[in-house]
Amino acid sequence: MSVRVSLPLLAGTILAASFALPGTAQAQAFYLQEQSAKAAGRAFSGEAADRGAASLWWNPAASAGIASAEATASASLILPAGEVVNTGTVIVRPGQPPASVGGIPVSTNPIEDGLLPSGSIAVPLSDRFSVGLTVASPFSFTTDYSDDSWARYTADRTRLRTYDIQPSIAFAATPWLRVGAALNVEYAEATLSNALPNLSAALPDGSQTLQGEGWDFGWTAGAQVDIGRLTIGGAYKSKVEHTLEGSITTSGLLGPLAAQNVEIEGVEARFSTPWQAIGSVRLAATDRLTLSAQVIRYGWSEFDAIRLGEPLNTAIPENYKDSWSFAGGVELAASDAITLRAGVQHAETPTRDGERDARVPDSDRWNFATGASIGVSERFTLDVAANYVAFDDTTIDRTTAAYPGTAVQTPILVDGRLRDANAVVLSLGGRFTF
């Protein structure tokens, strides 16, 4: 007997979640906000209203009117922890009653530790004009479930890297108004895999792997206004519409499914990262005490589907929702050389109940931060920060299927939980003037 399986639907199981597994230190879903050690110390509050190279990622107007060239470099060590737990997932093979999916029921720390570097430079061209350059990795993570994890049919190993190069220009229009704009040149590469069930539970699983890469573009624009001791900043980062080109490889299928063991080259996958609308304020309450706050609206509804071009020609819905983050912070100049920081941030998940799977075990979270800056010399300042991120327990409950729409459709009724998830993030950076 032979079974004909549509290649687009065969590919759908892996690609539907290919770019969406978060690292647990991020702002939301698969966005990483750790682009400055200085910002990390105050829980990323007030970034669009601050000045200097360290804030260019959030607002290109931050460099307008600077007196001398500035450069900053940071690295964040991300140490996630947590459990992805099976509470009753079943698989329904053709002609068979529902059965336990089997496998290891508790996946501990599936998201790997990571080191996230970033850096910016800003150079004045005159007392009003400046140019800047920021290099960041805003959407990056690596996760690895064991081959016999209960989650293997929806997530095995995933690696996503993005590299964003953001050249910018800024102009101080008046002593109280600064504006700026930037281009975002973003490279993305992804490698991910998941298991595929054979038609008999007695047979070992097959596997499927996707690889792809591509360059794409977006933009950022922003402004800052000074009103006495208060600075108001606003910025907008556009979505980036990514197109990755690569391949899908299917192997290990046996019996009637063996004909589906193929490698498909020239696969094209299109998806969009979210836009961001950022509003910030910074208030110099006294000569030594500064208060800051920031709110961000994320356009995660742009990540509504993964669209596959030739030769697959299909789309897989994602149905993310727009979401918010809110942050507040405080800075105290303890001396001329030392500034102390603290802050707290709350961020909503863009994933929806009933549509959350093991590749996207995201939830609402609180971020508690502390940090400091130490003036080592007149031209060099050291920034340090520590963040603790606590995630809400939540359900993993998105029903999926292998070989959907065919005679051998095999539903996987996912019933799991994200439990005891948290992350520690340690950031170190330096700021230079020259």
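Distance from the alpha carbon centroid of the stretch 95-159 to that of the stretch 195-235 works out to 9 angstrom.
The lysines within cross-link reach of K321, meaning a Cα-to-Cα straight distance under 22 Å and a gap of 8 or more places when in the same chain, are K237, K239. Among 270-277, 183-190, the peptide with the highest mean count of other Cβ atoms within 10 Å heads the list, and the full ranking is 270-277, 183-190. For K38, no lysines have a Cα falling under 17 Å of its own Cα, not counting residues fewer than eight places away in the same chain. Between L289 and L79, how high is the FRET efficiency from 1/(1 + (r/R0)^6) when r is the Cβ-Cβ distance and R₀ = 35 Å? Nearest 0.05. Using R0 = 35 Å, I get an efficiency of 0.65. Would you mind computing, in nm to one decimal, how far apart the modelled labels at A277 and R417 are, each placed 7 Å from Cα along Cα→Cβ? Between A277 and R417, the simple spin-label model gives 3.7 nm.
Centroid-to-centroid, using Cα positions, the stretch 352-369 and the stretch 48-88 are 21 Å apart.
Counting 0.36 nm for each residue step from E378 to S126 and taking away their Cα separation leaves a gain of 88.5 nm.
Over the stretch 106-264, what number does the Rg to Rh ratio reach, with both radii from the alpha-carbon atoms and Rh per Kirkwood? Reported Rg/Rh, Kirkwood definition of Rh: 1.20. About its Cα centre, what dipole magnitude does the chain give when the only charges are +1 on Lys and Arg Cβ and -1 on Asp and Glu Cβ, stated in debye to the nearest 20? Magnitude of the dipole: close to 700 debye. In the chain, taking the dipole from charged Cβ atoms about the Cα centre, the farthest positive-side position among V240, S55, T273 is held by S55. Ordering A172, F139, T87 by the projection of their Cα atoms onto the charge dipole of the chain, which places +1 on the Cβ of Lys and Arg and -1 on the Cβ of Asp and Glu, puts A172 at the extreme positive end. Using the charge dipole of the stretch 136-290 (Lys, Arg: +1 at Cβ; Asp, Glu: -1 at Cβ; taken about the Cα centre), state which of V262, P204, S149 has its Cα farthest towards the positive end. Most positive-ward Cα: S149.
Treating the beta-carbon of each Lys and Arg as +1 and of each Asp and Glu as -1, no other charges, what is the dipole magnitude of the stretch 374-434 about its Cα centre, to the nearest 20 debye?
Values: 5 positive and 7 negative charges, 41 e Å.
That gives the stretch 374-434 a dipole magnitude of about 200 debye.
Rg and Dmax over the alpha-carbon atoms of the chain stand at 23.4, 81 Å.
Taking 0.36 nm per residue of separation and subtracting the Cα-Cα distance, full extension of the segment from W219 to N319 would add 33.6 nm. Ordering 29-40, 247-258 by mean Cβ neighbour count within 10 Å, with the highest value first, yields 29-40, 247-258.
Rule-based calculations on the coordinates, nothing more; no lab input. Every value quoted in this text rests on a predicted model; they were computed, and no experiment measured them. Please note: Cβ atoms are built from the backbone with ideal geometry, for glycine as well, and neighbour counts cover all protein chains shown.
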